[in-house]
Amino acid sequence: MVRDPVRSGIREWLESSDPVLRLGGDTLVDEMLVLLEERGFDARRVDVQDLSGKAELLEALHHALELDEWFGFNWDALEEALHGPEQAEAPERVLVCTGFAAFESRAPNDAEVFLDIARTVAATPGSGLRGCVLIP
């Protein structure tokens, strides 16, 4: 069962307009993914623990989002991909990034650009992205 602080943190986050939620390192990731899916989201786990920068991050996102060959492996392509899925009835997507503190310490500029893109896309009307949950 998901612990109450995580459950209440998710509930508060969903009620806010902030697309980024930072949780503690003791968060049980699999249970949190189930909680998000129970709330109707397409929750995608992206492990960024051992990534060193932009190229590896884009590769991990390409894999986690199951993107087609058109993906250009650059920031603009990521922004476009995060706007999807193209089916209007598809559930909103939440990226659950594990190991984010390690990635952010190794590649602070890339982490900042990624979060800026996620915030921009999530704030765009009609976007399929609700936001990101970051777990150290």
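The values are calculated or read from the model by the stated rules, or taken from the named source; none is laboratory data. Bear in mind that the values here come from a model prediction, so they are computed numbers and not experimental data. Counting neighbours? That spans all protein chains shown, and the Cβs are built from the backbone with ideal geometry, glycine included.
Here are the numbers for the structure shown:
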read-out	value
Top-ranked residue of region 18-31 - restricted to ones that are in contact (Cβ under 8 Å) with a residue 40 or more places away in the chain and of a type outside the set (A, V, I, L, M, F, W, C), ranked as surrounded by the most Cβ atoms within 10 Å (Cβ to Cβ)	Pro19
Residues being surrounded by fewer than 20 Cβ atoms within 10 Å (Cβ to Cβ), at pLDDT 90 or above and touching a strand residue (DSSP E or B) at 6+ places or on another chain (Cβ under 8 Å) - total across region 80-97	2
Complete set of residues in region 114-128 that are within 21 Å of Leu51 (Cα to Cα) and touching a helix residue (DSSP H, G or I) at 6+ places or on another chain (Cβ under 6 Å)	Ile117
Given (1) surrounded by fewer than 18 Cβ atoms within 10 Å (Cβ to Cβ); (2) under 23 Å from Ile117 (Cβ atoms); (3) charged (D, E, K, R), number of the condition Lys54 does not satisfy	(1)
Region 32-41, subset surrounded by 14 or more Cβ atoms within 10 Å (Cβ to Cβ) and without any contact (Cβ under 8 Å) to a residue 60 or more places away in the chain, residue nearest to Leu129 (Cα to Cα)	Arg39
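So that you can scan it fast, the table gives a plain yes or no per residue for (1) in contact (Cβ under 8 Å) with a residue 12 or more places away in the chain; (2) crowded, with 21+ Cβ neighbours inside 10 Å; (3) closer than 20 Å to Val29 by Cα:
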{"residue": "Leu65", "(1), (2), (3)": "yes, no, yes"}
{"residue": "Trp75", "(1), (2), (3)": "yes, no, no"}
{"residue": "Arg106", "(1), (2), (3)": "yes, no, no"}
{"residue": "Thr120", "(1), (2), (3)": "yes, no, no"}
{"residue": "Gly128", "(1), (2), (3)": "yes, no, no"}
{"residue": "Leu134", "(1), (2), (3)": "yes, yes, yes"}
